[in-house]
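The values are calculated or read from the model by the stated rules, or taken from the named source; none is laboratory data. Bear in mind that the values here come from a model prediction, so they are computed numbers and not experimental data. Backbone-built Cβ (ideal geometry, glycine too); neighbour counts: all protein chains shown. We work out accessible area using only protein heavy atoms, side chains counted, and drop any ligands, DNA or RNA first. Shrake-Rupley method; radii C 1.70, N 1.55, O 1.52, S 1.80 Å.
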Amino acid sequence: MEKRYYPLSKYLYKTFSKKVYKITLDAGLYCPNRDGTISFGGCIFCDDKGSYSRCIEEKQPIEIQIKKGIEKLSAQFKAEAFIAYFQSFSNTYSDVENLKKIYNSAFCDDRIVGISIGTRPDCVDKQKLDLIATYKHPTIEYGIQSANNETLRLINRGHDFECSKKAIIETKKRKIRVCAHIILGFENENRQMIINSAKKIAALEPDAIKIHMLTVLKDAPLYKQYIKKPFYLMTQEQYCDLVAEILEYMPENTVIERIAGTGYSETTYAPQWVNRRFEILNLIDKIMIQKNIYQSDKYCDINKEGNL
Ligand code: SF4
């Protein structure tokens, strides 16, 4: 069934004319929001794996991780080409020389057609961006999470939305693709605040977006807070309905990279429905059909609203 939004698979096929999959990698880098440079606590929703997907074995040379990733994705999905995705922690948190060695090592196989680097918006500078711009099909995935500064303070992000905005502008200037990550469901945010936040992010025209439901992970600081004082977590239906509306505000060419995670029920405390990926995807499709809505239907409204 044709999606009513622009999915990653469609973008990748259109760009490379072959089946391209992302290989998740652990570069062994850490995070300034966990090592005491900004704070020791980290973002309240992050566990000790730092957004690591758990699909790969840690602490192996990049070349080995790439080899194993290619073998697995070729066998499982008949993948023909790959994007090296540095996912764990902050993958620009080192000096430029070391980053160059790390990124170079990802291109150890001719079938690697691009690079995607997950990081914090306060963890890039001109030199790092100039380096990343030299690679094939580069993308930086920024954890934006919210455009609301009060939320960013409450979740201990250690940067404000201005910082995200600046990083996105500098990144796009260098023709590096930007993928913005946002999280829905923070305790202090109601539906309208979330929509406003998504609109501000949409106005920056990210090349891609990943939308996540706030999840209480058993090893994250949020777990202790939640046990002490539980707060309302959206139902699957509410999340899907909200995502469908957010997609209406996204620009037509923004690739929807992720709207349902591939979580692990053993590390998830609540809500458990976040791990039922296909149910979430199907429900979002159903809602968009029922309401007869498409991605970008309301995007022009953002421009009309001027300075959000
Ligand atoms: S979410 Fe990212 S920035 Fe926040 S503590 Fe985890 S690794 Fe660091």
Problem - Candidate set from region 245-267 (those that are modelled with pLDDT of 95 or more and of a type in the set (S, T, N, Q)); member that is surrounded by the fewest Cβ atoms within 10 Å (Cβ to Cβ) - result: Asn253
Exercise for the section: Can you run down the residue pairs with Cβ atoms below 7 Å, 6 or more apart or on separate chains, where the first is in region 97-117 and among the aromatic types (Phe, Trp, Tyr) and the partner is open to solvent by less than 10 Å² (accessible area, probe 1.4 Å)? Expected result: Tyr103/Ile115
Exercise for the section: Evaluate region 38-58: report whether one residue or more is open to solvent by 20 Å² or more (accessible area, probe 1.4 Å), of a type outside the set (D, E, K, R), on the phi > 0 side of the Ramachandran plot and within 16 Å of the ligand (Cβ to nearest atom). Expected result: yes
Exercise for the section: State which residue is farthest from Lys59 (Cα to Cα) when the search covers only region 11-40 and only residues that are charged (D, E, K, R) and touching a residue at least 12 places away in the same chain (Cβ under 8 Å). Expected result: Lys18
Exercise for the section: Could you grab the pairs with beta carbons closer than 6 Å, sequence gap of 6+ or different chains, first residue in region 71-96 and more than 11 Å from Lys22 (Cα to Cα), second one among the acidic types (Asp, Glu) and within 16 Å of the ligand (Cβ to nearest atom)? Expected result: Ser88/Asp26
Handout entry: Failed item, numbered, when Leu152 is tested on (1) without any contact (Cβ under 8 Å) to a residue 12 or more places away in the chain; (2) of a type in the set (A, V, I, L, M, F, W, C); (3) part of a loop (DSSP other than H, G, I, E, B)
Key = (3)
Practice task
Determine which member of the set Ile209, Ile169, Ile227 is assigned to a helix (DSSP H, G or I), more than 16 Å from the ligand (Cβ to nearest atom) and within 18 Å of the chain's Cα centre (by Cα).
Solution key: Ile169
Exercise for the section: Filter region 168-194 down to the residues that are in contact with a His (Cβ under 9 Å, 6 or more places away or on another chain) and more than 13 Å from Thr151 (Cα to Cα), then identify the one that is surrounded by the fewest Cβ atoms within 10 Å (Cβ to Cβ). Expected result: Arg177
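Provide a single number: the residues in region 138-166 that are more than 13 Å from the ligand (Cβ to nearest atom) and small (Gly, Ala, Ser). Reasoning before the result, please.
At the first step, the residues of region 138-166 found to be more than 13 Å from the ligand (Cβ to nearest atom) are 138-140, 147-151, 153-154, 160-162, 165-166.
Pick out the ones that are also small (Gly, Ala, Ser) and you get 147.
The total comes to 1.
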Problem - Residue under evaluation Asp125, criteria (1) surrounded by fewer than 18 Cβ atoms within 10 Å (Cβ to Cβ); (2) within 12 Å of the ligand (Cβ to nearest atom), criterion not met - result: (2)
